[in-house]
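Structure first, then comments.
Computed from the coordinates by the stated procedures, all read-outs in this text should not be read as laboratory data. These figures come from a predicted structure and were not determined experimentally. Here the Cβ positions follow ideal geometry from the backbone for every residue, glycine too, while neighbour counts run over all protein chains shown.
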């Protein structure tokens, strides 16, 4: 599948900030099942973008700028994808799978979540892949998709307790429960072509990858109750959202900060439909 992706992020500072530093993880990489045919990143200022790779191998750009009242970051490109049944191959793995058993404040599990994961059938001890599929489906049933009660700092425990959240929260809960069951798991930030044909979205997408012995890393999208397909475009990974966020940084001075995000994901050559929420 050929996915045409456009992602725009705009910050407005009132009064202007005296300086900003932003780390951008908005550039995908190629691997088996995903080929980046075209990609470009533009910013509204004359700032230089310093290219790096972070510890996980994500492509990052670091942007610094002095006094500023608004900043817009646009990325656009074409990605060719193939359905690999959710199995990830051909990536540059910097750490052993066991590294991704590390909990973070956003992916800790409370006793209720540990019990939720422990009571699944089959168990992680007898059938890891079956356990992960069961976990994905149970999280999807437990949660209601709702962006109002959560934000980027909402933990897995908070979202699980409230039973509401967005794709990021679903992924954090999956990761927390999988790690509690002894299965390495990590956060993935990317984009998703909606099956209903709606191409305009209010944010990127998020899912999880878990390590299955003799199979490797497998993508699980609990918000949609599916393993990853050719409708998923993978951009960055981390222990949680903070390690894979498209834009993360800090500002100096200034007052109110306003953030606006617009995403469009469409199949190349297909005419888009009306705007909808992601």
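Here are a few things to note about the model shown:
- Here each label is just a point 7 Å from Cα along the line to Cβ, and for residue 151 and residue 1 those points are 3.3 nm apart.
- Sequence-distant contacts, meaning Cα pairs under 8 Å at least 6 residues apart, place the relative contact order of the chain at 29 percent.
- Length available on full extension from residue 256 to residue 31: 0.36 nm per residue minus the Cα-Cα distance, which gives 77.0 nm.
- Ordering 43, 265 by the number of other Cβ atoms within 10 Å of each residue's own Cβ, fewest first, gives 43, 265.
- Cα centroids of segment 181-233 and segment 6-21: 29 Å apart.
- Over the residues of the chain, the helix contribution to mean residue ellipticity at 222 nm works out to -5000 deg cm²/dmol, using -39500 (n - 2.57) for each DSSP H run of at least 4.
- The distance between label points at residue 83 and residue 52 comes to 3.9 nm (points 7 Å beyond Cα on the Cα→Cβ vector).
- Extension gain, residue 99 to residue 163: 0.36 nm times the residue separation minus the Cα-Cα distance gives 20.2 nm.
- Burial order of peptide ranges 231-239, 92-100 (average beta-carbon count within 10 Å, highest first): 231-239, 92-100
- Note on residue 144 and residue 114: their simple-model spin labels are 2.9 nm apart, each label 7 Å out from Cα toward Cβ.
- Helix axis angle, 167-180 relative to the chain longest principal axis, alpha carbon, degrees: 40 degrees
- Note on residue 123/residue 69: beta-carbon distance plugged into 1/(1 + (r/R0)^6) with R0 of 51 Å gives a FRET efficiency of 0.40.
- For the chain, the longest principal axis of the Cα atoms and the long axis of helix 128-142 meet at an angle of about 60 degrees.
- Over the C-alpha atoms of segment 2-267, the Rg to Rh ratio, Rh being the Kirkwood estimate, stands at 0.97.
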